[in-house]
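Colleague: Below: one structure in structure tokens.
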Amino acid sequence: MSIDPVLSHLRKAITPLLTPGTALVVAVSGGPDSMALMHLLVRSGLTNQHPTVVAHFDHALRIDSATDADFVIQQARQLHLTTHVERWQHPPTTGNLLEQARQARYHFLLRIARHTDATAILTGHQQDDQAETFLERLLRGSGVRGLGAMAPVRPLEPFADTPIQLVRPLLALRRDRLRHWLQTHHLPWREDPGNLDQRRLRSRLRQQTLPSLATLTPDGDPVSRLAQTAERLRDADKALAWSWQRVRPELDLLSLEPGTLSLSFPHLITLPDEIIRRALVHCHTTITGDPFPPGARAMAGFLHHLHLNRPTWSMRMRGMTVLRQQERLIFVAT
């Protein structure tokens, strides 16, 4: 019997991350990557070792989006997997729609994980997604953490008693390889027409930028090189996180009442901006419980206020207010 290299990769990537009996949530959109992940988990036998549910979030951004949900339910049922489906009831009409959709999707996945006592959420992101994410964030002006793109494993609730891990076991595999695996096994998937929409930056990166970069890359494969760069930047991010943990005790972090934190302004202002950003993210996550950090505009506004060095000021950002009162910075949930 021949060995299935894609199946072997999944087992090797995911088995060390799971303790026996760990419950899993698998995010399945109906597209080729998530469908491959769902079938691979079943064929690997991991769904027999770990209680597994499928989660599908209907963004309601297309007229026929409900048919994707029906497709996922049908395919999961054939594999004897339970599916949880939720439809976005009130998609926003202003702001960054794709970012808000991403946040709504992850909040849904977290709710399902808590409901099913799962400690791992699995997604079908692959190496082409990694390269596109890197380029997208490069154009956005992201810092070291953002340019690290997607980590294979990261906690969605870093300060919870039992953190729920986001796991991307297919991150080292290429998109075409997963599609070929599905075709070889005669397994269906759904195509999202939005992937061809040239109004989306992601689509233009996929269809225009990466093919252009291929002509400039010695081996014609910019995807693997961009993914390697992202990995090195994640290593740099870990080094900065190590530095943040070393200076954190000097900031005299205090929580005088629920929903508030304060720290020493004179100590904070002496730190490099990248470490200051990490202090803000720590306070924001602790205060709000929100796994998503403040956006780039909020970060820039915070640093601007900080370096003005006024004795008192205040600013608001998502979920909290920041106040300077002489020698202390105070973070209050709103």
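Colleague: Please list, ordered by first then second residue, the pairs with beta carbon atoms under 6 Å, 6 or more apart or interchain, first in the range 53-69 and part of a loop (DSSP other than H, G, I, E, B), second not hydrophobic (A, V, I, L, M, F, W, C).
Modeller: 60/87; 60/91
Colleague: Here is a follow-up. Can you tell me how many residues within the range 17-52 are within 21 Å of residue 188 (Cα to Cα) and without any contact (Cβ under 8 Å) to a residue 24 or more places away in the chain?
Modeller: Of the residues in the range 17-52, 1 are within 21 Å of residue 188 (Cα to Cα) and without any contact (Cβ under 8 Å) to a residue 24 or more places away in the chain.
Colleague: Let me ask something additional. Any residue at all in the range 237-252 that is touching a Gly at 6+ places or on another chain (Cβ under 6 Å), open to solvent by less than 80 Å² (accessible area, probe 1.4 Å) and either modelled with pLDDT of 95 or more or of a type in the set (Asp, Glu) (or both)?
Modeller: Step one: filter the range 237-252 for residues touching a Gly at 6+ places or on another chain (Cβ under 6 Å), giving 237.
The next check asks that each one be open to solvent by less than 80 Å² (accessible area, probe 1.4 Å); those that pass are 237.
When the remaining residues are screened for being either modelled with pLDDT of 95 or more or of a type in the set (Asp, Glu) (or both), the result is 237.
Yes.
Colleague: Please work out if residue 229 is in contact (Cβ under 8 Å) with a residue 40 or more places away in the chain, more than 22 Å from residue 155 (Cβ to Cβ), open to solvent by 30 Å² or more (accessible area, probe 1.4 Å) and not in a strand (DSSP E or B). Working first, answer last.
Modeller: Values: in contact (Cβ under 8 Å) with a residue 40 or more places away in the chain: yes; more than 22 Å from residue 155 (Cβ to Cβ): yes; open to solvent by 30 Å² or more (accessible area, probe 1.4 Å): yes; not in a strand (DSSP E or B): yes.
Spelling it out, residue 229 is indeed in contact (Cβ under 8 Å) with a residue 40 or more places away in the chain, more than 22 Å from residue 155 (Cβ to Cβ), open to solvent by 30 Å² or more (accessible area, probe 1.4 Å) and not in a strand (DSSP E or B).
Colleague: Just the residues that are part of a helix (DSSP H, G or I), open to solvent by 80 Å² or more (accessible area, probe 1.4 Å) and charged (D, E, K, R), please, taken from the range 194-205.
Modeller: Going residue by residue through the range 194-205, those that are part of a helix (DSSP H, G or I) are 194-196, 201-205.
Imposing the further condition that a residue be open to solvent by 80 Å² or more (accessible area, probe 1.4 Å) reduces the set to 196, 204.
Of everything in the range 194-205, just one residue is part of a helix (DSSP H, G or I), open to solvent by 80 Å² or more (accessible area, probe 1.4 Å) and charged (D, E, K, R), namely 204.
Colleague: Suppose the filter is at positive phi and either at pLDDT below 95 or basic (Lys, Arg) (or both); does residue 149 pass it? Break it down into steps so the answer makes sense when it comes.
Modeller: Working: at positive phi: yes; either at pLDDT below 95 or basic (Lys, Arg) (or both): yes.
Considered against the rule, which asks whether it is at positive phi and either at pLDDT below 95 or basic (Lys, Arg) (or both), residue 149 comes out as yes.
Colleague: Look through the range 303-321, keep the residues that are of a type in the set (S, T, N, Q) and either under 29 Å from residue 100 (Cβ atoms) or in contact (Cβ under 8 Å) with a residue 60 or more places away in the chain (or both), and return whichever of them is surrounded by the fewest Cβ atoms within 10 Å (Cβ to Cβ).
Modeller: Here is the first cut: in the range 303-321, the ones of a type in the set (S, T, N, Q) are 309, 312, 314, 321.
Retained after the next criterion (residues that are either under 29 Å from residue 100 (Cβ atoms) or in contact (Cβ under 8 Å) with a residue 60 or more places away in the chain (or both)): 314, 321.
Values: 314: 12, 321: 14.
Here the residue is 314.
Colleague: Which of the residues that make up the range 21-68 are under 17 Å from residue 108 (Cβ atoms), open to solvent by 10 Å² or more (accessible area, probe 1.4 Å) and hydrophobic (A, V, I, L, M, F, W, C)?
Modeller: Result: 23, 27, 53, 57, 60, 61, 66.
Colleague: Among the residues of the range 284-303, which ones are modelled with pLDDT under 95 and closer than 17 Å to residue 327 by Cα?
Modeller: none
Colleague: Which of (1) over 18 Å from residue 33 (Cβ atoms); (2) in contact with a helix residue (DSSP H, G or I) (Cβ under 6 Å, 6 or more places away or on another chain); (3) open to solvent by 60 Å² or more (accessible area, probe 1.4 Å); (4) not hydrophobic (A, V, I, L, M, F, W, C) does residue 208 not meet, given it meets every other one?
Modeller: Condition not satisfied by residue 208: (2).
Colleague: Of the residues 137, 179, which is of a type in the set (Lys, Arg) and out of contact with any Pro (no Cβ under 7 Å at 6 or more places or on another chain)? Steps first, please.
Modeller: On the way: 179 fails: out of contact with any Pro (no Cβ under 7 Å at 6 or more places or on another chain).
Among 137, 179, only 137 is of a type in the set (Lys, Arg) and out of contact with any Pro (no Cβ under 7 Å at 6 or more places or on another chain).
Colleague: While we're here: With 224, 262 as the choices, which residue is outside any helix (DSSP H, G or I), in contact (Cβ under 8 Å) with a residue 12 or more places away in the chain and open to solvent by less than 30 Å² (accessible area, probe 1.4 Å)?
Modeller: Numbers: 224 fails: outside any helix (DSSP H, G or I).
Step by step, each of 224, 262 is checked, and only 262 is outside any helix (DSSP H, G or I), in contact (Cβ under 8 Å) with a residue 12 or more places away in the chain and open to solvent by less than 30 Å² (accessible area, probe 1.4 Å).
Colleague: Take the range 1-32 and flag every residue that is within 25 Å of residue 115 (Cα to Cα) and assigned to a helix (DSSP H, G or I).
Modeller: 14, 15, 16, 17
Colleague: Condition first: under 19 Å from residue 251 (Cα atoms) and either open to solvent by less than 80 Å² (accessible area, probe 1.4 Å) or assigned to a strand (DSSP E or B) (or both). Now tell me which residues in the range 322-334 satisfy that.
Modeller: Once the filter is applied, which keeps residues that are under 19 Å from residue 251 (Cα atoms) and either open to solvent by less than 80 Å² (accessible area, probe 1.4 Å) or assigned to a strand (DSSP E or B) (or both), the range 322-334 yields 322, 323, 324, 325, 328, 329, 330, 331, 332.
Colleague: Take the residues of the range 70-124 that are among the small types (Gly, Ala, Ser) and either open to solvent by 40 Å² or more (accessible area, probe 1.4 Å) or assigned to a helix (DSSP H, G or I) (or both): which is modelled with the highest pLDDT?
Modeller: Within the range 70-124, the first condition is being among the small types (Gly, Ala, Ser), and the residues that meet it are 76, 95, 101, 104, 113, 118, 120, 124.
This time we only want the ones that are either open to solvent by 40 Å² or more (accessible area, probe 1.4 Å) or assigned to a helix (DSSP H, G or I) (or both), so: 76, 95, 101, 104, 113.
Values: 76: 98, 95: 75, 101: 89, 104: 91, 113: 95.
Looking at the filtered set, the residue picked out is 76.
Results for (1) of a type in the set (Val, Ile, Thr); (2) open to solvent by less than 40 Å² (accessible area, probe 1.4 Å), shown as yes or no for each residue.
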site	(1), (2)
153	yes, no
164	yes, yes
167	yes, yes
174	no, no
179	no, no
184	yes, no
189	no, no
192	no, no
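Colleague: Cβ-Cβ under 7 Å, sequence separation 6+ or interchain: first residue in the range 106-119 and free of Cβ contacts under 8 Å to residues at least 40 places away in the same chain, partner in a helix (DSSP H, G or I) and open to solvent by 10 Å² or more (accessible area, probe 1.4 Å). Which pairs?
Modeller: From the range 106-119, no pairs qualify.
The values are calculated or read from the model by the stated rules, or taken from the named source; none is laboratory data. What you see is a predicted model; the values in this text were computed from it and never measured. With ideal geometry, Cβ positions are generated from the backbone for all residues, glycine too; neighbour counts draw on all protein chains shown. What goes into the accessible areas is simple: the full protein's heavy atoms, side chains included, and nothing from ligands, DNA or RNA. Shrake-Rupley method; radii C 1.70, N 1.55, O 1.52, S 1.80 Å.
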